[in-house]
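Notes follow the structure.
We did not get these values from a lab; they are worked out from the coordinates using the rules stated. Predicted model, so just to flag it, every value in this text is computed and none were measured. Here the Cβ is made from the backbone with ideal geometry for all residues, glycine too, and neighbour counts use every protein chain on show.
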Amino acid sequence: MATQHPVAFKLNGKGVEVVVEPRELLIHTLREKLAHTGPHIGCETSHCGACTVDLDGMSVKACTVLTVQCGGSDMITIEGMEQGGVLHALQQAFHEEHGLQCGYCTPGMITRAYRLLKENPNPSEAEIRYGIAGNLCRCTGYQNIVKAVQSAAKKLAATPA
Amino acid sequence: MGDMTDLQAREDKLQGMGTSLLRKEDAKFIRGQGSYVDDIKLPGMLFGAVVRSPYAHARIKGIDKSKALACPGVVAVLTADDLKPVNLHWMPTIGGDVQAVLADKKVCFQMQEVAMVLATDRYAAADGAALVEVDYEELPAIVDPKKAMAPDAPIIREDIAEKTEVGHGPRTHPNHIFTWEAGDKAGTDAVFANAAVTVREEILNPRVHPCPLETCGCVASFDKVTGQLTVYLTSQAPHLVRTVVAMLSGIPESKIRVIGGDIGGGFGNKVPVYPGYVVAIVASIATGVPIKWIESRIDNISTTGFARDYHGIGELAADKDGRIKALRFTALADHGAFNSHVSATKFPAGLFSICTGSYDIPKAYCRVDAVYTNKAPGGVAYRCSLRVTEAVYLIERMIDVLAQKLGIDKAEIRRRNFVKVEQFPYTTSLGWTLDSGNYHAALDKVLKAVDYDGLRREQAEKRAKGELMGIGICTFTEIVGAGPNKVCDILGIALFDSCDIRVNPTGSAIARLGTMSQGQGHATTYAQIIATELGLSSDEIQIEEGDTDKAPYGAGTWGSRSTPVGGAAAAKAARKIRAKAQKIAAHLLEVGEGDLEWEVDRFKVKGNPSQAKTMKEIAMAAHTSNIPDGMEKGLDATEYYDPPNMTFPFGAYVCVVDIDRFTGETKVRRFYALDDCGTRINPMIIEGQIHGGLTEAFAVAMGQAVPFDENGNHLGNSLMDYFLPTAVETPHWETDFTVTPSPHHPIGAKGVAESPHVGGIPCFTNAVVDAFAHLGVMHMDMPHTAFRVWQQCKKLGISER
């Protein structure tokens, strides 16, 4: 068995520590060692985005990040979106605009849209479509996802930070 | 009481049929709290990794497990020889054939399952799988189905070489599976012989894959003490899986529990029973610990549940005005190495005979020849009610070909051939009775909405300038809701579906159904049906599916059958409850049953509306002693619904494309989709299903194919190569509807999720071909990638500036 490495990082605001082989992928650590099964595995080649998490202010695909690369980082997953029992505007908007069907892409999609709206709080439809192009959805045809992101952007803009 | 505002308020409170109720299932998914099969983690669980064949056709001379077994974390390596003692190295398929669970002496397609390595985690399992050494002797492979029945073709299936049939009539070659036909061949031939005009085209539906975002997988857990087998798996048909597992394993069906959980999309990929499931189950029985097997994406595209691979020939005979007199369609079907596709037993070519479409065609004949090739098994999948996509593609393409040949407008030729509204119910020349339709009205509404005449004028102007603009029309008729039990079964089990409703004393209810949601929103729509039928709020109606220990038996969710069959069962079960409630209300109000009438949520006394009992009040009474003498307590009902006919949703679509003749790039400028699915239960969910179906149609028409080289090697089985549209490529969809209820369905609903896929694919192709119609192009095979469209431009000499 390969050497084991301790890795500590912040996950949704809480410090966590895991011991992993160098080859272990972040998505497996999150899902199997840290009980965060919100991010999903859809392709293992970085195409589908079901495993998207927010790592130090960037959307990353957790299927192509090694856990040992994450020491000291600040990570947000779908599980960290709801704050104090209040859904994030994106979660609420995905529900209200019927932006999900089977739900498999949803955690990654919302996590990606979260970072997109931080980078561009008032995106056009084309900017949203481009901004979520790394996240595949097989059910919705994206139209209601785009609507949900637009609706959340409006709500967030109206809410003082 | 009884005034309109009060009635409306009560109606609104139910949130029943017709309202765009937000989905009940969303709460868990938006929080990342769904429970998909790979989320299941049981104590002591081992992980299984499959060793797969690098060759499409090869003999296995030996398997050396020693290095794998020496690998840290590896617990066992299973091969066909290990499954032989329990007779599980082969399994029967739903298609009437047998399939190797693990390759027995030879492999017949690339990536076929050869062994499974069990290890303590998925990394160790993958290490072990890489260390299993298999000695192969490569054999010549058949990739092109047109070569499968050549006299000197290598025999793919030596195990059944001597068999004169595999479930569906006589075979004429060892690589022949079946020949199926319908209609009047001699009569059709006679019409063709004397027709004013005939057209013929070879039309391919290439091999594609539904590729749901979640791959297939299972966790099998056998309890050696109780003999109980629990299988969590991504199945669209959990009850059928339970029955198959019972037949295979000999475990009493009562001791097998299949749990569907949440499913990350199915699209027909998750109906069959796959070798991975069987090996995981056997491994759990053998080891006594839970076994998880999860496909990788490459495994998924390479081995489980592809769709199509239908090589069709379409022929129409017509008079000079474009009135179709006869249709003759044949198809060569590539089923891969095992006939494991999903179809009703009596319909080996599925519902292909719906190929007369929306048109009144007096004579028709169709035939399908299915063959084995050295490719993965399957064929029926992808938002497709058993070959309806192939059938609709053929007729919707051929009517365009006929229009072009005669110089008749493509909308006009459809009007001339439509089954007229007064002809319904209409029996086609291939034997289906279309339940209801209003095709002229649907097409006219769409043409007006898109300003069809204006588009044709614009197209003429653009053509004059050398620009390519295409207008595609599709006026499809679907066939869904399998199916009438007299003719529809799988493994002998009739394709009914079921609903069991229990109303609680306080007026909430739980309903369990034999179907299985994969994103269609059943928890919401079924609750809406029951809410309207029972007068209870849909908020308080809980829906459960997919756990075979809880739900009544049903054939599951595929072929848009949930609303036509499961939805009907829900309505009928609710009506049984309402009938009992009426008796209780009559007792409580001391009137005759006939003196009562139903109003939204209560029974009221005719002529005296202040005298009434709400369903909530009745629910409580049903659990007290204050009920009619001799009546059983409780307010429950179960319905097993046998549909009297299929349902026939329809639609009219228009697609407008602009093609760059220098690059071959096709831009979808507009897509307008009118769907008629009969009674609409939840318009928001219907629209969502249509968006998704159109997007999958776009994928198939514009970019998807699972290609092979001549040795049977996959040339594109990861998402690097296989096209799944992103938000950037996906067009904006415009939706519309008409409502023509099904006369035989309890609430008039027909089903909708497949329609946009089935109708969308020919609409895209018709638009692309229409862009070249003035240059004499009659047909172009999918996928219409920029490269392939550019090749067409090049052939026509228009690709250079």
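Here, region B:366-456 has an Rg and a Dmax of 17.0, 50 Å when only alpha carbons are counted.
Report, in listed order, any pair from B:K346/B:K445; B:K270/B:K375; B:K41/B:K270; B:K613/B:K633; B:K41/B:K224 with a Cα-Cα distance greater than 27 Å.
Working: B:K346/B:K445 38 Å; B:K270/B:K375 19 Å; B:K41/B:K270 21 Å; B:K613/B:K633 18 Å; B:K41/B:K224 19 Å.
Violating the 27 Å Cα-Cα cut-off are B:K346/B:K445.
Projecting the Cα atoms of A:G99, A:T111, A:G71 onto the charge dipole of region A:67-132, computed from C-beta unit charges around the Cα centre, puts A:G71 farthest toward the positive end.
Just order B:194-203, A:126-135, B:352-361 by mean Cβ neighbour count inside 10 Å, highest at the front, would you? Provide the component values of the computation, followed by the final result.
Numbers: B:194-203: 15.9, A:126-135: 19.9, B:352-361: 25.7.
Per-residue mean Cβ counts within 10 Å order the peptides as B:352-361, A:126-135, B:194-203.
As an exercise, identify the chymotrypsin sites (Phe, Trp or Tyr not before Pro) in region B:721-801 lying in DSSP coil whose Cβ has no more than 16 other Cβ atoms within 10 Å. Walk me through the intermediate numbers first.
Details: sites: B:Y722, B:F723, B:W733, B:F737, B:F764, B:F772, B:F787, B:W790; in loops: B:Y722, B:F723, B:W733.
In loop regions of region B:721-801 (DSSP not H, G, I, E or B), there are no sparsely surrounded chymotrypsin sites (Phe, Trp or Tyr not before Pro).
In terms of other Cβ atoms within 10 Å, B:E390, B:E11 run from fewest to most in the order B:E11, B:E390. Report summary: the helix-based calculation at 222 nm, which adds -39500 (n - 2.57) for every DSSP H run with n ≥ 4 and divides by the residues of chain A, gives -8500 deg cm²/dmol.
Apply the a/c threshold of 1.5 to the C-alpha gyration tensor of region B:671-801 and tell me whether it is rounded, prolate or oblate. Verdict is prolate for region B:671-801.
The H on the amide N of B:G95, modeled in the peptide plane, is under 5 Å from the matching H of B:H341, each at least 5 residues off or on a different chain. Over region B:591-687, the hull volume per residue, using the convex hull of the C-alpha atoms, is 233 Å³. Classify chain B from the C-alpha gyration tensor, please: rounded if a/c falls under 1.5, else prolate or oblate depending on whether a/b exceeds b/c. Here chain B falls in the oblate category.
A Cβ-based charge dipole, computed about the Cα centre of chain B with Lys and Arg at +1 and Asp and Glu at -1, lands at about 560 debye.
Counting neighbouring beta carbons within 10 Å and listing from fewest to most, the residues B:V75, B:V117 come out as B:V75, B:V117.
3J(HN,Hα) along region B:112-124, derived from phi through the Karplus expression 6.51 cos²θ - 1.76 cosθ + 1.60 where θ = phi - 60°, amounts to 4, 6, 10, 7, 10, 9, 9, 8, 6, 8, 6, 6, 5 Hz, with x in place of Gly and Pro.
So what's the back-of-envelope 222 nm ellipticity for chain B, counting only DSSP H runs of four-plus at -39500 (n - 2.57) apiece and dividing by all residues, rounded to 500?
After summing the helix terms and dividing by the residues of chain B, the value is -8000 deg cm²/dmol.
Taking trypsin sites (Lys or Arg not before Pro) across region B:281-367, the ones in a DSSP loop with at most 16 further Cβ atoms lying within 10 angstrom of their Cβ are B:K320, B:R323, B:K346. Magnitude of the charge dipole for the protein assembly as shown, about its Cα centre and with charges confined to Cβ atoms of Lys, Arg (+1) and Asp, Glu (-1), is about 620 debye. Each Cα pair of region B:1-96 feeds into the Kirkwood radius, which the Stokes-Einstein equation turns, at 10 °C and 1.306 mPa s, into a diffusion coefficient of 77 µm²/s. Quick check on the protein assembly as shown: take the gyration tensor over C-alpha atoms, sort the square-rooted eigenvalues as a ≥ b ≥ c, and tell me if it's rounded (a/c under 1.5), prolate or oblate. Here the protein assembly as shown falls in the rounded category.
Among beta bridges from DSSP that stay inside the protein assembly as shown, the antiparallel ones total about 80%. In terms of distances greater than 32 angstrom between alpha carbons, the cross-link table entries B:K550/B:K750; B:K420/B:K583; B:K24/B:K750; B:K28/B:K65; A:K154/B:K750 yield B:K420/B:K583; B:K28/B:K65; A:K154/B:K750.
From other protein chains only, count the Cβ atoms within 10 Å of every residue's Cβ in B:260-266, then give the mean.
Numbers: counts 0, 0, 3, 3, 12, 9, 2.
For peptide B:260-266, the averaged partner shielding equals 4.
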